[in-house]
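First comes the structure, then the notes that go with it.
The values are calculated or read from the model by the stated rules, or taken from the named source; none is laboratory data. Keep in mind that what you see is a predicted model, and the values were worked out from it rather than measured. With ideal geometry, Cβ positions are generated from the backbone for all residues, glycine too; neighbour counts draw on all protein chains shown. We work out accessible area using only protein heavy atoms, side chains counted, and drop any ligands, DNA or RNA first. Shrake-Rupley method; radii C 1.70, N 1.55, O 1.52, S 1.80 Å.
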Amino acid sequence: MPVTVTIITLNEARHIAAAIDSAAWADEILVVDSGSTDDTVAIATGKGVRVMSRTWPGYVDQKNYAASVASHDWIFSLDADERVTPALADEIRQVVAGDAAERAFRVPRVTFHLGRWVRTTDFYPDHQTRLYDRRAARWQGKYVHESIVADGAVGQLTNELQHYSYRDLSDHLDRINRYSTLAAKQMYESGRRASAVDLLTHPPAAFLRNYVLRGGFADGVAGLTISLVNAYSVLLKFAKLWEMQEQTPTSQLPTPKK
């Protein structure tokens with residue numbers, strides 16, 4: 001069975017060439033760009049892949065659109081800052097060729113950060129459902145944490161997807177600021193409320209989970225840094241949720257979930 005690799009982009013000139021090269025095993029590579037002002041489109045076009053332009057509607061809609069216009073039913077969704085290793089490519093081909101009963105497959109993702117591949121903390125194995133049959137699976141979600149839902153079994157691949165997510169620690173912190181705002185908004189709109197207990201308990205729990213339970217201590221100072229930053233991300237999310245509550249009249253607050 002043929003496979004289409006879909007990549008959605010916005011100003012990904014730094015990454016797109018390597019992402020496309022890592023997907024050379026696929027039967028089709030489709031880039032859906034949402035108005036890049038850098039050389040993303042020129043680079044992708046120069047690689048000879050199929051490139052389409054579409055106004056940005058959000059992650060879920062853009063990824064579902066990319067799958068809908070792909071030439072093949074089996075899709076591997078690749079972010080521009082990710083790379084498919086040769087071992088993972090071979091595994092994908094074998095699974096699809098074997099007429100698997102599963103309609104989607106998760107892959108373990110490993111992130112390069114602070115000068116190393118991080119295989120501890122919440123960073124790993126960071127399973128992502130990326131290979132799927134569009135006839136029986138689709139993206140869903142709202143502001144953050146979009147995911148694939150399949151009408152059938154979801155399998156597990158063993159080889160890693162490589163992730164070059166952050167340029168440096170400053171970039172990591174900038175993204176935490178943006179994503180914590182979206183996460184807080186999503187929680188708020190679902191009826192979740194934050195209290196002093198949330199701010200006091202969730203961040204320390206996140207640090208202990210990252211540093212102790214998920215082995216951050218084994219990565220030395222890098223593991224300690226990531227564990228602290230992940231805990232800070234949790235703190236920021238609940239603090240922003242609390243702020244949203246305080247700025248909204250009580251009569252307009254959403255009904256909390258039971």
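Contact map, segment 90-105: first residue in contact (Cβ under 8 Å) with a residue 24 or more places away in the chain and surrounded by 11 or more Cβ atoms within 10 Å (Cβ to Cβ), second residue hydroxyl-bearing (Ser, Thr, Tyr) and in a loop (DSSP other than H, G, I, E, B), Cβ cut-off under 7 Å, separation 6 or more or different chains; pairs are 91/158. Do you know which of the residues in segment 3-34 that are more than 29 Å from residue 87 (Cβ to Cβ) and open to solvent by 50 Å² or more (accessible area, probe 1.4 Å) is nearest to the chain's Cα centre (by Cα)? Per the stated criteria, the residue is 10. Within segment 193-203, work out how many residues are within 24 Å of the chain's Cα centre (by Cα) and open to solvent by 50 Å² or more (accessible area, probe 1.4 Å). Summing the residues that are within 24 Å of the chain's Cα centre (by Cα) and open to solvent by 50 Å² or more (accessible area, probe 1.4 Å) in segment 193-203 gives 1.
Tally up the residues in segment 108-144 that are out of contact with any Phe, Trp or Tyr (no Cβ under 9 Å at 6 or more places or on another chain) and farther than 24 Å from residue 173 by Cβ, please. Give the steps one after another, and end with the answer.
Kept after step one, since they are out of contact with any Phe, Trp or Tyr (no Cβ under 9 Å at 6 or more places or on another chain), are these residues of segment 108-144: 115-116, 119, 122-123, 125-128, 135-137, 140, 142.
Adding the requirement that they be farther than 24 Å from residue 173 by Cβ leaves 127, 135-137, 140.
Going through segment 108-144 one residue at a time, the tally reaches 5.
Within segment 122-177, the set of residues being assigned to a strand (DSSP E or B), open to solvent by 40 Å² or more (accessible area, probe 1.4 Å) and touching a residue at least 60 places away in the same chain (Cβ under 8 Å) comprises 138, 140, 162.
Looking at segment 45-57, which of its residues are without any contact (Cβ under 8 Å) to a residue 24 or more places away in the chain and either open to solvent by 50 Å² or more (accessible area, probe 1.4 Å) or assigned to a loop (DSSP other than H, G, I, E, B) (or both)? Don't jump to the end; show me each part of the working.
As a first pass, look at segment 45-57 and keep what is without any contact (Cβ under 8 Å) to a residue 24 or more places away in the chain: 45-46, 48, 50-55, 57.
Passing the criteria: 45, 46, 48, 50, 53, 54, 55, 57.
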